[in-house]
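Have a look at the structure below, then the notes.
Quick note: the coordinates plus some simple rules give every number you see, no bench work behind them. Model, not experiment: these values are computed from the prediction. So basically every Cβ, Gly included, is an ideal-geometry build from the backbone, and we count neighbours across all protein chains shown.
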Amino acid sequence: MARPSHDDAIRVLHVDDDDAMLDLVSRYLERVDEGLAVTGETGAEAALERLATEPFDCILSDFDMPGQDGLAFLAAVRERRPDIPFLLYTGKGSEEIAAEAISRGVDDYLRKGSGEGHYTVLANRIRRETERSRRELDRKQRLAAMDATREGICIIDADGRFTYANEAYCDLYGYGREALLGTAWQAVHPEDEVERTRAEILPAVDAEGEWTGLGTGLRADGTEFPESKSVASLPGGGLVVVVFELREDSSDPVAGPIEQAVDALNRAL
């Protein structure tokens, strides 16, 4: 079976002051997982220089190194690449070192070992942390895109309280984001719309998974306005709501942008 291209591989920067260990780990990791591409460096400073110019996906670091130990190296990495997975891999570990490493934000910790089984475990941990990091980065990018849209978007948890609202949503209802988060959804609707939501909209979402239509919003200053919105259930529970103010020049207030935004936010979550 052909190895993945270099662009598709998980690029691992392995830092250890022992050249023989670098060579051994590289050969074993690339043997047990052909999707890994391992690059070795014998010192933290050289590794930091390389990290600044090459797109590594994960760092595997020894603890006991001259000049700068693994935890000091971790701190330097976090200043430059706060989201890159960092695994501490050491032959002189202890429970105290493990606890200190975890408290400082290391993503995983493993004692050095030997044999193909050991390197399979190490490869699996590298892959797991890298894939987790990629999913989180993708989620953040999608949420950032949602935050920049013109439609108001919010997430309401199973208890009926706001856990996310983009800038457009906050502006539409006249709230600051911090003031809105944790507030019950009823705050942004007049009483008759609250009753309609409970009697009509929420049952429709429970039955069909989503509801789209017109409603009435309530701003923080007490003024009401007509709104076009879509309410959809989220896989893990709760609701996502996409809304904008209905104006006289709105030719198709409920189609297109709302459906696209709901779909994108569902993918992000």
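Tell me, Lys140, Lys112 in order of fewest to most beta-carbon neighbours within 10 Å? Before the final figure, lay out each step's value.
Details: Lys140 12, Lys112 17.
With the sparsest Cβ surroundings first, the list reads Lys140, Lys112.
Can you compute the FRET efficiency between Arg81 and Thr223 using 1/(1 + (r/R0)^6), with r the Cβ-Cβ distance and R0 = 45 Å? Round to the nearest 0.05.
Details: r = 47 Å, r/R0 = 1.04.
The formula returns an efficiency of 0.45 here.
Within straight cross-link reach of Lys229, meaning Cα distance under 27 Å, which lysines are found once same-chain residues fewer than 8 apart are removed?
Partners found: Lys140.
Ordered by residue, what ³J(HN,Hα) values in Hz, to whole numbers, does the stretch 66-77 give under the Karplus form 6.51 cos²θ - 1.76 cosθ + 1.60, where θ = phi - 60° and Gly and Pro are x?
Here the 3J(HN,Hα) series is x, x, 8, 7, x, 6, 5, 4, 4, 4, 5, 5 Hz.
When only alpha-carbon atoms count, how far does the stretch 10-139 stretch along each of its three principal axes, as whole angstroms with the largest first?
So the three principal-axis extents are 35, 33, 28 Å.
Mean shadow of the chain, computed from the convex hull of its alpha carbons, in nm²? Display every interim value, and only then the final one.
Working: hull surface 77.0 nm².
If I average the Cα hull's projected area over directions, I get 19.2 nm².
Between Glu96 and Glu131, what length in nm is gained on full extension when 0.36 nm per residue of separation is reduced by their alpha carbon distance? Present the calculation step by step, with values, prior to reporting the outcome.
On the way: separation 35, 0.36 × 35 = 12.60 nm, distance 2.80 nm.
Length gained, Glu96 through Glu131: 9.8 nm.
In what order do Asp157, Asp138, Asp33 fall by count of nearby beta-carbon atoms within 10 Å, going from fewest to most? Let's see the in-between values first.
On the way: Asp157 16, Asp138 12, Asp33 19.
By the 10 Å Cβ count, ascending: Asp138, Asp157, Asp33.
Multiply the residue gap between Glu49 and Arg177 by 0.36 nm, knock off their C-alpha separation, and tell me the result in nm, one decimal place. It would help to have the intermediate numbers written out before the result.
Values: separation 128, 0.36 × 128 = 46.08 nm, distance 3.94 nm.
Full extension of this stretch gives 42.1 nm more.
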